[in-house]
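Following: one structure in C-alpha cells, then a few remarks.
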Amino acid sequence: MIISVASGKGGTGKTTVSVNLALSLTNVQLLDCDVEEPNAHLFIKPEIKNTVPVYIPIPQIDKEKCDFCGRCQEVCAYNALVVIKDKVLVFPELCHGCGSCTYFCPKEAIKEVDKEIGCVEIGEKDSLQFAHGQLNIGQAMSPPLIRTVKQYANPSRTVIIDAPPGTSCPVIESIKGSDFCILVSEPTPFGLNDLKLAVEVLRKMKIPFGLVLNRADIGDEKTDAYCQKENVPILMRIPFKKEIASCYSRGENIVGALPEYKEKFEKLYKDIVRCRT
Amino acid sequence: MKQIVVISGKGGTGKTILTGAFAALAENKVMADCDVDAADLHLLLSPEIEQRHQFKSGFTAKIDKKLCKECGRCVAACRFNAISEDFVVDPISCEGCAFCKFICPAEAVIMQENIAGEWYISRTRFGSLVHAKLGIAEENSGKLVALVRQKAKELAQKEDADWVIIDGAPGIGCPVIASLSGIDCALVVTEPTLSGLHDADRVIKVARHFSVPVALVVNKFDLNTQMSEEIESYCHKNNIELIGKISFDEDVVKALVEGKTIIEYPSKGAKEQIIQIWEKLYQRMR
Ligand code: SF4
Ligand code: SF4
C-alpha cells in the first residue's frame, strides 16, 4: 500500500506526520518526494548507502551536420531551441527532455546528452528503508526527479510518501498512484484555505483521503465545521504542545520523545486500512 | 521604486503574516502575492477584485478517435507515458510537448491550450494588490508568478509607488526563482528548528545564485533559543544580516482569525518587533 502525506502549504507538520508514522510501523519504506526542500532525513538520520545522480536528456547540436533549417525550433513546445542564421541556441533550463527535436531533425544533427538535475539518495535506518531526492540549486524541473525517487518504491512494504506542499505539478507527480493520502492542516484561516485547495486536488485525482489536524487546539472551529460538511474524516488530532514543538526544533521525533504517540500513529494506520476497505 | 520579497524556503514560517504587516506599515506601495499555489495573503487583506484575467499556459494533447488509425507511434514517442494503449491522453501526465502531434501520420492529435488559472488586480484597505490562483493540478506556476510580478511592477510604475511588497513562493524551484528576479531585498523568514535552518540555507543559496541581497528574520525565536543562537552564528559565518527576531505570540493567530494584520491588532510582543524590522529595512533600502 502506498500512503502519501500532503498539505496545501508547507509548515503544517506534513514531515512530522510522515516521519512519525514511518517510525511507528514495521515493514515500511519512507520516500521523501519534497525534492526542493527534503527534510525527512533530518529526523530519520538514515545511513545513506547509495547516491544516484538524475539526469534529463537535452539536445546537443552537431554544427557540422546542422543546416539551420529550423525544424527543431518548430517542434519544441517550450522555446528551448532558437535558430538564428548560422547558430542554434539551446536553453537547457527550458528543456523538458521530450526528445522531439532529436527525432525530427532531418539532418540527424541532434544528439541527446545528459544534464544533471539532482540526485536520489538511498539508505536505511535500522529496518526502515529510506530514499529522497535533492534538486540541484538553480534547477527548475522537479517532476523528473520526483518520478525517479518513486521508482525506488518497494512494493513488498508499506510505502509512505512525503509529498511537497501546494497543489501544483510536483505535488501531483508525488501523490499520483497512492492508495490513500493523508492531508495535514491546522485549524487557522490560512490552514483551512489551503486545506480546501488540497481537497479539490484529491477529489480531482480520485484518491481517498483523510485529515490529520495538527496544533489542533489553536485557531478556530471552522476547520471542523468544514470537514463535517464536506465529509472529510478527521483521522487524528495532534495538540499544540511545547514538548512537541521543542522536540521538532531539535530534529527529534514525537514517538521517540513521547512514546504514547506510537500507539496513536499505529491507530492512524489501522484507520486508513479500514477506510480503504 | 524598491521591490521587497518575503520568502521562507518552506511555507508556514510566518511569511504571509510578515508580508501582511509590511503592507500595513509601508506607505505608497503595491502588494503582490506570488504564492499562487496556496495564496493566503487575501485572507489578511480582504481584496475586492476589480480586474479578473485568464492565465493561459501550455497545451494538452487530445486524440480524435475518428481520425486515429491506431498505429501506435504516439504511444512509443511520448516520454511521459501519457497515452494509454487505447489512445487516450491522460491530461495530468501530458506535458504538452506535442511530439505526438508531429509524429501522427493521420493528423489525429490536436493540442488544446490550457486555462491554467486566473490573476486579479484588486483594491484593499492598504492599496492595490496583484494576486492569482493557479488551477488545481496545473503546472507552470513559475510563469504565473512572473506574470504577477510584471503586472505588479507595471501597476507600481503607473501609481508612482515607492514599494512593491511581495509575498514570495515557497520552495527553491521555478516559482521562487521567478519571485526573486529583479528584487532589491529578499527577506528570509525561518523558525528556530533544524529543518527551518536547512530550508533557509537552501533558499538563501538560490537568492545568492541570482545575486539578490538577503536579510534573515527568525520567527518564534523563543521556542528554541539554542537553535536561534545557532542560526545567529550561521548568519555571522555566512555574512547574512540578521535583521530581527520575533517572539512566539498568540496574538498573531488571534489577529489572523479576525482577518487582521498583526499591526491592526492591539498587541505588544511580536507587533513591536515587526515594526522594528520594517524600520530597519526601510533605513537599509532608502
Ligand atoms: S527535447 Fe523537447 S523540450 Fe528539449 S529542446 Fe528538444 S523539443 Fe525542446
Ligand atoms: S503532447 Fe507530449 S506529453 Fe502530451 S501526450 Fe503528446 S507526446 Fe505525450
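Note down all Cβ pairs under 8 Å where the first residue falls in region B:83-112 and is away from chain A (no Cβ under 12 Å) and closer than 9 Å to B:Thr60 by Cα, the second is assigned to a strand (DSSP E or B) and near ligand 2 (Cβ under 6 Å from one of its atoms), and they're at least six residues apart or on different chains.
B:Val89/B:Ala61; B:Val89/B:Ile83; B:Ile110/B:Ala61; B:Gln112/B:Ala61
Among the residues of region B:1-52, write down those that are more than 25 Å from A:Glu186 (Cα to Cα) and in a loop (DSSP other than H, G, I, E, B).
If the condition is that a residue be more than 25 Å from A:Glu186 (Cα to Cα) and in a loop (DSSP other than H, G, I, E, B), then B:Met1, B:Ala26, B:Glu27, B:Asn28 are the ones that fit.
Going by the structure shown, is A:Ala216 surrounded by 15 or more Cβ atoms within 10 Å (Cβ to Cβ) and assigned to a loop (DSSP other than H, G, I, E, B)? Please lay out each step first, then the result.
Values: surrounded by 15 or more Cβ atoms within 10 Å (Cβ to Cβ): yes; assigned to a loop (DSSP other than H, G, I, E, B): yes.
When the stated conditions are applied, A:Ala216 passes them.
With (1) touching an Asp or Glu at 6+ places or on another chain (Cβ under 8 Å); (2) free of Cβ contacts under 8 Å to residues at least 24 places away in the same chain; (3) of a type outside the set (Phe, Trp, Tyr) as the list, and B:Glu27 as the residue in question, which single condition is left unmet?
(2)
Report, ordered by the first and then the second residue, all pairs with beta carbons closer than 6 Å, sequence separation of six or more or different chains, a first member in region A:37-64 that is in a loop (DSSP other than H, G, I, E, B), and a second member that is acidic (Asp, Glu).
Every condition considered, the pairs that remain are A:Glu37/B:Asp199; A:Pro38/A:Asp32; A:Pro46/A:Glu124.
Residues checked against (1) within 30 Å of B:Ala146 (Cβ to Cβ); (2) within 11 Å of ligand 2 (Cβ to nearest atom):
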residue	(1), (2)
B:Ile49	yes, no
B:His53	yes, no
B:Gly58	yes, yes
B:Ile63	no, yes
B:Lys69	no, no
B:Phe80	yes, yes
B:Glu95	yes, yes
B:Cys104	no, yes
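Give region A:245-265 a look and list any residue that's closer than 22 Å to A:Pro38 by Cβ and either at the interface with chain B (Cβ under 7 Å from one of its Cβ atoms) or of a type outside the set (A, V, I, L, M, F, W, C) (or both), or say none. Even if it seems obvious, please write down each step before you answer.
Initially, region A:245-265 is screened for residues closer than 22 Å to A:Pro38 by Cβ, giving A:245, A:247-256, A:265.
Scanning region A:245-265 gives A:Ala245, A:Tyr248, A:Ser249, A:Arg250, A:Gly251, A:Glu252, A:Asn253, A:Gly256.
Pick from region B:179-188 the residues that are in a strand (DSSP E or B) and buried (at least 24 other Cβ atoms within 10 Å of the Cβ): which of them is farthest from the other protein chains (Cβ to nearest Cβ)?
Residues of region B:179-188 that are in a strand (DSSP E or B), as a first pass: B:185-188.
When the remaining residues are screened for being buried (at least 24 other Cβ atoms within 10 Å of the Cβ), the result is B:186-188.
Values: B:Ala186: 15, B:Leu187: 17, B:Val188: 13 Å.
Going through the qualifying residues, I end up with B:Leu187.
Quick check on this structure: which one of B:Val6, B:Val36 is closer than 30 Å to B:Thr193 by Cα, touching a helix residue (DSSP H, G or I) at 6+ places or on another chain (Cβ under 8 Å) and at the interface with chain A (Cβ under 9 Å from one of its Cβ atoms)?
Values: B:Val6 fails: at the interface with chain A (Cβ under 9 Å from one of its Cβ atoms).
Exactly one of B:Val6, B:Val36 is closer than 30 Å to B:Thr193 by Cα, touching a helix residue (DSSP H, G or I) at 6+ places or on another chain (Cβ under 8 Å) and at the interface with chain A (Cβ under 9 Å from one of its Cβ atoms), namely B:Val36.
Any residue that is modelled with pLDDT of 95 or more and in contact with a Cys (Cβ under 8 Å, 6 or more places away or on another chain) - is there at least one of those in region A:123-132?
yes
Given (1) part of a strand (DSSP E or B); (2) more than 10 Å from ligand 2 (Cβ to nearest atom); (3) not aromatic (Phe, Trp, Tyr), identify the lone condition not met by B:Met111.
(2)
Being within 14 Å of another protein chain (Cβ to nearest Cβ), away from ligand 2 (no atom under 16 Å from the Cβ) and either within 21 Å of B:Phe59 (Cα to Cα) or at pLDDT below 95 (or both), is that true of even one residue in region A:100-107?
So in region A:100-107, the residues within 14 Å of another protein chain (Cβ to nearest Cβ) come out as A:100-106.
So of that shortlist, the ones also away from ligand 2 (no atom under 16 Å from the Cβ) come out as A:105-106.
Next cut, either within 21 Å of B:Phe59 (Cα to Cα) or at pLDDT below 95 (or both) only: none.
No, that holds for no residue.
The values are calculated or read from the model by the stated rules, or taken from the named source; none is laboratory data. Just so it is clear, the structure is predicted and the values come from calculations on it, not from any experiment. Positions of Cβ are generated from backbone atoms using ideal geometry, with glycine treated the same way; all protein chains shown enter the neighbour counts.
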